[in-house]
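The values are calculated or read from the model by the stated rules, or taken from the named source; none is laboratory data. Not measured: the values here are computed from a predicted model. Positions of Cβ are backbone-derived with ideal geometry, glycine not excepted, and every protein chain shown enters the neighbour counts.
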Amino acid sequence: MCAAGAAVLPDDRADIFWSSYRGGGMDITGESVLVRKKFSEQFAVEANYFVDKVSGASVDVLSNASVIKDERKQKSLSVEYIHDKTLYNLSYTNSTERDYISNTTHFSLSQDMFGDLTTVNLGFTDSRNRVGENDGTANTPIITWLGHSESRSYQAGLSQILTRNLIVGSTLEVITDQGFLSNPYRSIRYVDAVPLGYSLGTQVYPNTHTSTAVETRAKYYLPWRAAASVSYRYYSDTWDVRGNTIELDYVQPFSNKFIVEGRVRHYSQNHASFYSDLFDQANQQNFEARDQNLAAQTNNTIDGKVTWAFAPQGFLLFKRATVSFDVSRIQFKYGDFRNIKAYNDTPAGGNYPVGGEPLYAFDAMVYQVYLSMFF
Amino acid sequence: MRASLLTMRASLLNMRACLLTVRAPLMKRAPLKLATAGAGLVLLAGCSIQPWVKPYERDRLADPIMSWDRDAISAAYMDHVYDSREGSRGATGTAGGGCGCN
C-alpha cells in the first residue's frame, strides 16, 4: 500500500452511563460502564457492561399476556490492533435475559488509503441466539425454551474526505437469519364467532430472513466552528419490509466547556408481506404475524444533548472529563396496527367494530446521562 | 475550498489517464480478470494521487465535533431502542445482542 503516516488508536476513556425509556406501556432503565485502555500504540482493549431493567409490556403483548419484569445483562470485550494503516477489531458480546440468550462475535478491519483521505471498512458478525418464553409469573417465572436462531452479518463501508470541511461515508450491511425468528409474546388475531368478535392465535414466521441496508451520510464543518450532518438509510428485506430513515444533526460548541447538539430523525416503513392486524379466519395463510414491529409505521425523533466539560484541564489521573445530558422524544404512529385494548372507548361510550379500533400511536421519552473521563 | 476541489479534480484526472492507458489490452480478457485488474489498478493509481487535502489542512476534520459517533455507548443504546421497535436494522455501525421482545 501507499507509504504515509500510520493510523492511531483513540484516547483511553472510561464512561458511566444511565438511561431511561418510557413509552407505550414500557418502563426501561439502563446502566452501563465502559473502559477503554491502550496497552501500546498498537494495541487497545475495550470492555463494556450494560444492564437493562424492563417492567411493563407493549400493547400487543398486553393483549395476550400480563406485565413482565425482566433484566438484560450485556457484556462485551473488544480488542483492537493497529498495524501501519490497518486497524483490526475483534469483539465478543454476550447478552442474557431470562428468556433470551445471545452470543455475538464480530471481526472488522479498517484500512486508510489514498493519502489517508479514504477509509475502507469490512466487517463480519456471527450471532447465536436461544429464544424462550417467560410465563409472566412475578417471582419465579417458568421459562419455556422454544428454539434457536443464527444470524450472520456482512458489512462494507467507505469514508471519504472530500474537502478540508467535508467528509462523506457510506455503509452496506447484509444480514441473514435462520431458525426461530418469531416473537413468542405477540399473537395474531382473526375473526371468530365469539362475543368479542375475534380470537387470538400463535404467530408463524418464516425460518429465514435476509435484509439489506445502505446508509449514506455527510458531515460539514461550518465556518463558525460548528458541524452539520445528514444521513439517509434505505432498508429492504425478504419479508417485503421497506424502510427509509433520514437524520439531520447539528453540533455547536460554546467556548471549550459546552457542546450543544440537536438531532431530528424520521423513519417510515411498510408492513411485512405476512402481517395483518386482523386475519379473516384461523390459519388463513402459511405465515402470519401481528407484531407491531412488522406493521406499517412512521416515527419521528427530536433530540437535544448538552455536553459539559467540567474539567477541561483534567483532574487526578484524567486529562479531561465531561458529563452529557441527552433527551429524546419519539412519536410512533402505526398505519395498520390497531389498539385492541381501546375497543370500548368510542366517543359515544360504545364498542368499536372488530377491525375498526383506533390506530395505535404513542410517544416515548428517552433520557441519557453519562460521565466520560479521558486519560 | 475551491483550491481543494481543483486539486482533487487534478488527482482524479491523473488516475483516469492511468486507467485509460491500460484499458485497451485488458478489454480482450474475461470480465472477471478485467474487474480484478481494474480494482488492482485503482489501488495502485491511488499511490500516485496527491492528497488534495493536505495533512496540515485537516485540523477542522480532526475536531471532535466532526466525529460520526462521539459516544459509543449512547450510539449503541439508541440503535437498540430503534432496532427493538422497527422492522429495519443494520448499516449503523454497531453490533450487539438482545431481544427487546416485551
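Every residue, every condition in (1) farther than 17 Å from A:Pro141 by Cα; (2) of a type outside the set (S, T, N, Q); (3) at pLDDT 95 or above, yes or no:
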{"site": "A:Gly56", "(1), (2), (3)": "no, yes, no"}
{"site": "A:Asp60", "(1), (2), (3)": "yes, yes, no"}
{"site": "A:Ala65", "(1), (2), (3)": "no, yes, no"}
{"site": "A:Ile68", "(1), (2), (3)": "no, yes, no"}
{"site": "A:Lys75", "(1), (2), (3)": "yes, yes, yes"}
{"site": "A:Tyr92", "(1), (2), (3)": "yes, yes, yes"}
{"site": "A:Arg98", "(1), (2), (3)": "no, yes, no"}
{"site": "A:Phe107", "(1), (2), (3)": "yes, yes, yes"}
{"site": "A:Asp112", "(1), (2), (3)": "yes, yes, no"}
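What are the residues in the range A:206-225 that are crowded, with 17+ Cβ neighbours inside 10 Å, of a type in the set (A, V, I, L, M, F, W, C) and without any contact (Cβ under 8 Å) to a residue 40 or more places away in the chain, if any? None - no residue of the range A:206-225 is crowded, with 17+ Cβ neighbours inside 10 Å, of a type in the set (A, V, I, L, M, F, W, C) and without any contact (Cβ under 8 Å) to a residue 40 or more places away in the chain, so the list stays empty. When every residue of the range A:343-361 is checked against the conditions, none turns out to be touching a His at 6+ places or on another chain (Cβ under 9 Å) and away from chain B (no Cβ under 11 Å). The residue that is surrounded by the most Cβ atoms within 10 Å (Cβ to Cβ), among those in the range A:138-174 that are among the polar types (S, T, N, Q) and under 30 Å from A:Ala57 (Cβ atoms), is A:Ser153. Considered as a group, the residues in the range B:63-90 that are at the interface with another protein chain (Cβ under 7 Å from one of its Cβ atoms) and of a type in the set (Lys, Arg) include one that is nearest to the chain's Cα centre (by Cα), and that residue is B:Arg89.
Considering only the range A:183-202, state which residues are of a type in the set (Ser, Thr, Tyr) and more than 10 Å from chain B (Cβ to nearest Cβ).
Step one: filter the range A:183-202 for residues of a type in the set (Ser, Thr, Tyr), giving A:185, A:187, A:190, A:198-199, A:202.
Hits for the range A:183-202 are A:Ser187, A:Tyr190, A:Tyr198, A:Ser199, A:Thr202.
Check the range A:34-44 and report whether any residue there is in contact (Cβ under 8 Å) with a residue 12 or more places away in the chain, in a loop (DSSP other than H, G, I, E, B) and at positive phi. Within the range A:34-44, not a single residue is in contact (Cβ under 8 Å) with a residue 12 or more places away in the chain, in a loop (DSSP other than H, G, I, E, B) and at positive phi.
Has the range B:46-62 got at least one residue that is modelled with pLDDT under 60 and more than 7 Å from chain A (Cβ to nearest Cβ)? Yes: one or more hits.
Taking only the range A:72-112 into account, find how many residues are outside any strand (DSSP E or B), surrounded by fewer than 19 Cβ atoms within 10 Å (Cβ to Cβ) and within 11 Å of another protein chain (Cβ to nearest Cβ).
Applying the first criterion (outside any strand (DSSP E or B)) to the range A:72-112 yields A:84-85, A:98-99.
Filter once more, so that each one left must be surrounded by fewer than 19 Cβ atoms within 10 Å (Cβ to Cβ): A:84-85, A:98.
Subsequent filtering for residues that are within 11 Å of another protein chain (Cβ to nearest Cβ) retains A:98.
Count: 1.
A quick yes/no check of all residues on (1) under 21 Å from the mean Cα position of the chain (by Cα); (2) within 13 Å of chain B (Cβ to nearest Cβ); (3) touching a residue at least 60 places away in the same chain (Cβ under 8 Å):
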position	(1), (2), (3)
A:Arg242	yes, yes, no
A:Phe254	no, yes, no
A:Ala272	yes, yes, no
A:Val306	no, yes, no
A:Gln313	no, no, no
A:Arg320	no, yes, no
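I need the full set of residues from the range A:360-375 which are among the hydrophobic types (A, V, I, L, M, F, W, C) and either in a strand (DSSP E or B) or exposed (fewer than 14 other Cβ atoms within 10 Å of the Cβ) (or both), in order please.
Step one: filter the range A:360-375 for residues among the hydrophobic types (A, V, I, L, M, F, W, C), giving A:361-362, A:364-366, A:369, A:371, A:373-375.
A:Ala361, A:Phe362, A:Ala364, A:Met365, A:Val366, A:Val369, A:Leu371, A:Met373, A:Phe374, listed by residue number.
Scanning the range A:345-359 turns up at least one residue that is of a type in the set (A, V, I, L, M, F, W, C), surrounded by fewer than 20 Cβ atoms within 10 Å (Cβ to Cβ) and touching a residue at least 60 places away in the same chain (Cβ under 8 Å). Screening A:Ser91 against (1) in contact with a Ser or Thr (Cβ under 6 Å, 6 or more places away or on another chain); (2) within 21 Å of A:Val131 (Cβ to Cβ); (3) among the polar types (S, T, N, Q) leaves a single unmet condition, (2). The residues of the range A:318-327 that are surrounded by 20 or more Cβ atoms within 10 Å (Cβ to Cβ) and touching a Lys or Arg at 6+ places or on another chain (Cβ under 8 Å), listed by number, are A:Ser324, A:Asp326. A:Ala282 - would you say it is in contact (Cβ under 8 Å) with a residue 60 or more places away in the chain, more than 10 Å from chain B (Cβ to nearest Cβ) and small (Gly, Ala, Ser)? Yes, satisfied.
Considering each residue of the range A:340-357 in turn, none proves to be part of a strand (DSSP E or B) and of a type outside the set (S, T, N, Q). Note on the range A:226-236: among residues that are under 30 Å from A:Phe274 (Cα atoms) and surrounded by fewer than 21 Cβ atoms within 10 Å (Cβ to Cβ), the one that is farthest from the other protein chains (Cβ to nearest Cβ) is A:Tyr232.
Can you tell me which residues in the range A:113-137 are buried (at least 18 other Cβ atoms within 10 Å of the Cβ), assigned to a strand (DSSP E or B) and either touching a residue at least 60 places away in the same chain (Cβ under 8 Å) or within 10 Å of chain B (Cβ to nearest Cβ) (or both)?
Our first condition is that a residue be buried (at least 18 other Cβ atoms within 10 Å of the Cβ); within the range A:113-137, this holds for A:113-117, A:119, A:121, A:123, A:125, A:127, A:129, A:131-134.
Subsequent filtering for residues that are assigned to a strand (DSSP E or B) retains A:113, A:119, A:121, A:123, A:125, A:127, A:129, A:131-134.
Selection gives A:Met113, A:Asn121, A:Gly123, A:Thr125, A:Ser127, A:Asn129, A:Val131, A:Gly132, A:Glu133, A:Asn134.
Restricting to the range A:192-205, what's the tally of residues that are surrounded by 14 or more Cβ atoms within 10 Å (Cβ to Cβ) and of a type in the set (S, T, N, Q)? Adding up the residues that qualify gives 2.
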